[in-house]
Amino acid sequence: MELKDYLRFVGRWWWLMGLTAAAAATLAFAITSRETPIYAATTKLLVNQNQGQFAQPKTTFDELRVRERLAQTYIELLRSRPVMERAIADLNLNMRPRTLAGKIDAEAVGGTELILVTVHDPDPRRAETMANAVVVAFQALERDLLANPFASESSLVVVELALATISPVSPNIPRTLIIALVLGLFIAMLIGFLRDFFDDTMSGGGDMQRRTGYLPAATVGNIGGPSKLITSRDPYHATSESYRMLRMHLDAFPSERALQTIVITSPNPRDGKSTTAANLAIAMAQTGRSVILVDADLREPTLHKLFGQENTSGVCNLLVQGGACSSLATYLRPTQIDRLRLLPAGVVNFHPAQLLGSEPLVALVDALKAEADLIIFDTPALLS
């Protein structure tokens with residue numbers, strides 16, 4: 001896909017993207033605003049190098065790996081069940097060890113012997129108390145945990161006592177809203193992509209070329225103004241030029257004999273087929289050819305309105321009379337366009353499908369061919 005295709009996609013689905021993003025952000029704000037604020041209290045600890053093998057620190061790669069492993073060992077011991085039980089007992093908390101452990105995050109600071117212990121809790125003061133109590137509990141149980149009854153001092157030194165954050169760390173409303181907006185846009189784009197992928201309609205020449213591999217003979221936009229007959233009303237308009245371009249392609253149609261009959265239809269009603277048939281007929285007549293425009297849309301005849309004619313008689317009357325080729329000239333209505341005549345649909349007294357599927361239609365078409373150089377039929381929409 002080219003850049004213009006992406007821009008066309010955004011231009012077609014911008015309303016869905018905006019609506020979905022706004023809905024996602026509103027829902028996210030409603031949920032996060034009801035969540036209980038959570039505060040964090042962090043204490044900083046230093047691994048005491050005067051204990052054990054770290055009395056004489058070295059700079060070898062192996063020693064650095066040992067230090068990292070030792071830090072990870074202390075992190076696991078800090079969140080162990082004996083330490084949690086001791087801290088709960090010291091603070092007289094109504095809490096299970098697993099619950100307290102779930103409130104604690106511990107991590108080693110890379111390249112150092114420092115460990116950060118963070119406790120999350122809705123009460124900032126209690127978060128500070130629990131963070132400090134966990135360190136005290138570890139120091140009290142350290143000899144048993146490390147199986148070193150001869151240690152004279154703790155392996156962990158408190159560098160900074162726990163201090164709670166001023167603002168809650170959760171929920172983070174701005175971050176949540178941004179994520180919701182992005183997620184809403186993604187969902188809207190996914191819906192739009194799936195809709196376009198399974199949609200078999202064509203909205204322009206680009207769609208036609210992608211789906212069929214062929215370019216349209218002409219592209220005509222909406223026609224404004226008091227009259228839809230723009231080819232006659234404003235011959236120099238861009239839309240009039242589009243109809244002349246369509247005429248040029250039809251004239252260049254590869255065929256062993258000259259094109260004499262053209263059927264105009266559309267997928268759905270009110271797609272503009274009658275307007276196209278009328279303007280194409282005018283464009284053809286402007287070249288000096290004798291043209292007959294036939295309104296074969298017997299259910300919803302429209303051409304007589306475009307040319308300001310009555311629909312008292314026409315195709316239906318001729319078909320009921322068996323083709324009535326001898327009286328054809330009396331039903332052809334002259335128009336304000338030279339060499340262009342109109343055959344209205346007439347009043348329908350029978351089922352339209354029976355009339356159009358009858359043998360007299362063949363005779364009527366042959367008679368029309370004898371009357372003009374080109375016959376253009378405006379027919380019903382295919383999908384209706």
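The values are calculated or read from the model by the stated rules, or taken from the named source; none is laboratory data. Quick caveat: nothing in here was measured; it's all calculated off a predicted structure. Note that we place each Cβ from the backbone using ideal geometry, even for glycine, and neighbour counts take in every protein chain shown. These accessible areas exclude ligands, DNA and RNA; they are computed on the full protein's heavy atoms, side chains included. Shrake-Rupley method; radii C 1.70, N 1.55, O 1.52, S 1.80 Å.
Which members of the range 349-371 meet the condition of being part of a helix (DSSP H, G or I) and open to solvent by 50 Å² or more (accessible area, probe 1.4 Å)?
ALA353, GLN354, LEU356, VAL362, ASP366, LYS369, ALA370, GLU371
Could you grab the pairs with beta carbons closer than 8 Å, sequence gap of 6+ or different chains, first residue in the range 208-224 and modelled with pLDDT under 80, second one part of a loop (DSSP other than H, G, I, E, B) and open to solvent by less than 60 Å² (accessible area, probe 1.4 Å)?
MET208/PRO216
With the checklist (1) touching a residue at least 24 places away in the same chain (Cβ under 8 Å); (2) in contact with a Leu (Cβ under 9 Å, 6 or more places away or on another chain) in hand, flag the one item LEU177 doesn't pass.
The single condition LEU177 does not satisfy is (2).
Residue by residue, here is whether (1) at pLDDT below 95; (2) on the phi > 0 side of the Ramachandran plot holds:
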residue: PRO267; (1), (2): yes, no
residue: ASP297; (1), (2): yes, no
residue: LEU306; (1), (2): yes, no
residue: LEU319; (1), (2): yes, no
residue: GLN336; (1), (2): yes, no
residue: ARG341; (1), (2): no, no
residue: GLY346; (1), (2): yes, yes
residue: GLU359; (1), (2): yes, no
residue: ALA367; (1), (2): yes, no
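Only one of these conditions is not met by VAL134: (1) open to solvent by 30 Å² or more (accessible area, probe 1.4 Å); (2) free of Cβ contacts under 8 Å to residues at least 60 places away in the same chain; (3) among the β-branched types (Val, Ile, Thr). Which number is it?
Every listed condition holds for VAL134 apart from (1).
Which one is farthest from GLU300 (Cα to Cα) among residues in the range 350-373 that are acidic (Asp, Glu) and free of Cβ contacts under 8 Å to residues at least 60 places away in the same chain?
Going through the qualifying residues, I end up with ASP366.
Among the numbered conditions (1) among the small types (Gly, Ala, Ser); (2) surrounded by 16 or more Cβ atoms within 10 Å (Cβ to Cβ); (3) touching a Pro at 6+ places or on another chain (Cβ under 9 Å), tell me where SER167 comes up short.
Evaluating SER167 over (1) among the small types (Gly, Ala, Ser); (2) surrounded by 16 or more Cβ atoms within 10 Å (Cβ to Cβ); (3) touching a Pro at 6+ places or on another chain (Cβ under 9 Å) leaves (2) as the failure.
For the range 22-51, which positions are assigned to a loop (DSSP other than H, G, I, E, B) and open to solvent by 40 Å² or more (accessible area, probe 1.4 Å)?
SER33, ARG34, GLU35, THR36, PRO37, GLN49, ASN50
Please find, within the range 102-127, the residue that is modelled with the highest pLDDT out of those that are small (Gly, Ala, Ser) and surrounded by 16 or more Cβ atoms within 10 Å (Cβ to Cβ).
Among them, the one singled out is ALA127.
Given the structure, is ALA89 without any contact (Cβ under 8 Å) to a residue 12 or more places away in the chain, part of a helix (DSSP H, G or I) and small (Gly, Ala, Ser)?
So ALA89 passes the test.
Quick test for you: out of ILE166, ILE262, ILE223, ILE179, pick the one residue that is under 30 Å from ALA24 (Cα atoms) and not in a helix (DSSP H, G or I).
ILE166
Taking the residues in the range 97-115 that are under 45 Å from the mean Cα position of the chain (by Cα) and outside any helix (DSSP H, G or I) as candidates, determine which candidate is farthest from GLN72 (Cα to Cα).
Residue satisfying both the conditions and the ranking: LYS103.
Testing PRO149 on (1) modelled with pLDDT of 80 or more; (2) surrounded by fewer than 18 Cβ atoms within 10 Å (Cβ to Cβ); (3) under 30 Å from ILE115 (Cα atoms), one condition comes back false. Which one is that?
Result: PRO149 fails condition (1) only.
Of (1) without any contact (Cβ under 8 Å) to a residue 60 or more places away in the chain; (2) of a type outside the set (A, V, I, L, M); (3) surrounded by 17 or more Cβ atoms within 10 Å (Cβ to Cβ); (4) within 12 Å of ILE292 (Cα to Cα), PRO334 satisfies all except one. Which?
(3)
Counting only residues that are more than 23 Å from PRO267 (Cβ to Cβ) and open to solvent by 70 Å² or more (accessible area, probe 1.4 Å), which one in the range 225-243 is modelled with the lowest pLDDT?
If we take residues in the range 225-243 being more than 23 Å from PRO267 (Cβ to Cβ) and open to solvent by 70 Å² or more (accessible area, probe 1.4 Å), then PRO226 is modelled with the lowest pLDDT.
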